[in-house]
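*Asks:* Let me begin by handing over the structure; questions about it come next.
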Amino acid sequence: MDITFGSLEELYKRIKPALKTKKEEMRRAGYIYIKEEDIWNYLKEVKWINAKNLSLYQMVSDVLNSDNMLIDKYLKEKLNLRNRVVYFEN
């Protein structure tokens, strides 16, 4: 049975327990500033950018098995870019 989602919001809600679990794992590893949305955005913008027909179990597996350091690096680069844009706009 294939599960389909009408929006990214529906999909996010469905895998939120896995995102919470990953966030807690990262918190215990010292990444106390990482939020569920950061993990979601990393996967959406990096890991799944060109993916097609991912199953729910593949996505949950990706959440739980993502490299903490890569998520951290992604977030820091994104924040650094955002800070540079704000700096140049002012």
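*Asks:* Can you tell me which residue within region 6-52, out of those that are part of a helix (DSSP H, G or I) and of a type in the set (Val, Ile, Thr), is surrounded by the most Cβ atoms within 10 Å (Cβ to Cβ)? Before the answer, list the steps.
*Replies:* Initially, region 6-52 is screened for residues part of a helix (DSSP H, G or I), giving 8-28, 36-47.
Pick out the ones that are also of a type in the set (Val, Ile, Thr) and you get 15, 21, 39, 46.
Working: 15: 21, 21: 15, 39: 25, 46: 13.
Across region 6-52, the extreme among qualifying residues is 39.
*Asks:* Okay, next question. Does residue 32 satisfy being in contact (Cβ under 8 Å) with a residue 40 or more places away in the chain and among the hydrophobic types (A, V, I, L, M, F, W, C)? Outline the logic, then answer.
*Replies:* On the way: in contact (Cβ under 8 Å) with a residue 40 or more places away in the chain: no; among the hydrophobic types (A, V, I, L, M, F, W, C): yes.
No: the conditions fail for residue 32.
*Asks:* Take the residues in region 53-90 that are exposed (fewer than 10 other Cβ atoms within 10 Å of the Cβ) and of a type in the set (Ser, Thr, Tyr), then tell me which one is modelled with the highest pLDDT.
*Replies:* Within region 53-90, the match that is modelled with the highest pLDDT is 57.
The values are calculated or read from the model by the stated rules, or taken from the named source; none is laboratory data. Since the model is a prediction, treat every value here as computed from it, not as a measurement. Because the Cβ atoms are built from the backbone with ideal geometry, glycine has one as well, and the counts that use them run over all protein chains shown.
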